[in-house]
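Every number in this text was worked out from the coordinates using simple rules, so none of it is lab data. Small disclaimer: the values here were computed from a predicted structure and weren't measured. For neighbour counting, all protein chains shown are included, and Cβ atoms are generated from backbone atoms with ideal geometry for every residue, glycine included.
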Amino acid sequence: TVGAVALDQSGNLAAATSTGGMTNSRHGRIGDSPLVGAGTYANNQTCAVSATGHGEFIIRAVLGHDLSALMQYCGMSLRDAAEKVIFGRFKELGGTGGLVAIDRQGNIALPFNTPGMYRGHYLQAQKLETAIYRE
Amino acid sequence: MPTFGIVIHGGAGAISKSAMTRELERSYHDGLREALTAGYEILESGGTAVDAVQKAVNVMEDSPLFNAGRGAVFTHAGRNEMDAAIMDGATLKAGAVAGVQHIKNPINIARMVMEKTPHVLLAHDGAEEFARLNGFELMPDEYFFTESRWQQLQKAIELEKNWKERSRSGSESDSEQKFG
């Protein structure tokens, strides 16, 4: 699965996710990526999110919207909300994976509960960074 | 604080450092860098966040390294079935496609669903028909074939067969094996 979230100069957020699904899946299996609110979510009031991992658990956790709701209704920061969904309910359900997220202030979060996640960020006035393992 | 920027992922999982060659590792970093740069350039020149995320995803869809587009994994039947979604935070509009088999860049069709239809999600044959009617080129199965993904499927089928034999003998229960 691949995904991207962005903040533009007008202060607008967007999220996108694309995937080949799961190896050896049965015909017609759909994971979280095309389900708005699960693997992909964007809301200018909160953040943009793209998730990756075991799709069935991301759907059950409604991961993207859950993160946004924690910010909107509980006033949590992007980083705290992202950590809470990945290491909280999602993990408790048995889910493995991660997400990338950005808010309107340019804060970012890239939490994952697997050994690695291919990831990177490139923010204004900062250098481009990429990583694979937990380092 | 930065006034614009982009963050990407190319999948998460049991990525083992010991199983990764230095060359492959470099290829992944290069692929991520290329996707980030493509998205960042759009943002830097005043483009929209929607354009930036679409472009970054396009780069990764076109790479055989990542499980999307050209590098998509195989289903049990040996086919590629791809899903994609895009959402605009300014309008809360969203578009998605599921189970497409011949679309080079599924995220582009998802965006067209968002912008040109009253719907959110189109699936399978209907999504492909929508793409064809809107002038998108459908790719042959061979475009999505990668040897490494094919070998992953063969290994998964073998593991499944072994599990079924153990399950029949009573040494393993159904709940011990998830099957997508």
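Here are a few things to note about the model shown:
- Restricting the calculation to alpha carbons of the range A:1-131 gives Rg and Dmax of 13.9, 46 angstrom.
- With only Cα atoms counted, the protein assembly as shown has Rg and Dmax values of 18.5, 63 Å.
- For the range A:55-122, the square roots a ≥ b ≥ c of the C-alpha gyration tensor eigenvalues yield an a/c of 1.5 or more together with a/b not exceeding b/c, which makes the shape oblate.
- Computed label-point distance, nm, for sites B:I157 and B:L92 using a 7 Å Cα→Cβ extension: 4.6 nm
- For chain B, a Gaussian network of Cα nodes joined below 10 Å ranks B:N80, B:N58, B:N162 by mean-square fluctuation, and the top entry is B:N162.
- Choice from B:K155, B:K164, B:K93 with maximal GNM fluctuation in chain B (Cα, 10 Å cutoff): B:K164
- Cα gyration tensor shape for the range B:61-120, rounded if a/c is under 1.5, else prolate or oblate: prolate
- Set of the range B:42-74 residues, backbone N closer than 15 Å to the point 7 Å along the Cα-Cβ line of A:L128: B:42-45, B:53, B:55-60
- Stretched out straight at 0.36 nm per residue, the stretch from B:R22 to B:T3 would grow longer than its current Cα-Cα span by 3.3 nm.
- Relative contact order computed over chain B (Cα-Cα under 8 Å; 6+ residues apart), in percent: 15 percent
- Angle of helix A:63-74 to the longest C-alpha principal axis of chain A, folded into 0 to 90 degrees and rounded to 10: 40°.
- Relative exposure of B:W150, B:W163, judged by other C-beta atoms within 10 Å (fewest first): B:W150, B:W163
- The range A:1-96, relative contact order [Cα under 8 Å, separation at least 6], %: 23 percent
- For the range B:52-180: rounded, prolate or oblate by the Cα gyration tensor [a/c cutoff 1.5]: prolate
- Ordered by the number of other Cβ atoms lying within 10 Å of each residue's own Cβ, fewest first, B:Y28, A:Y118 fall into the sequence B:Y28, A:Y118.
- Cα-projected label distance for B:D30 with B:S148, points at 7 Å along beta-carbon direction, nm: 1.3 nm
- Fewest-first ranking of B:R79, B:R168, B:R111, A:R104, using other Cβ atoms within 10 Å as the exposure measure: B:R168, B:R79, A:R104, B:R111
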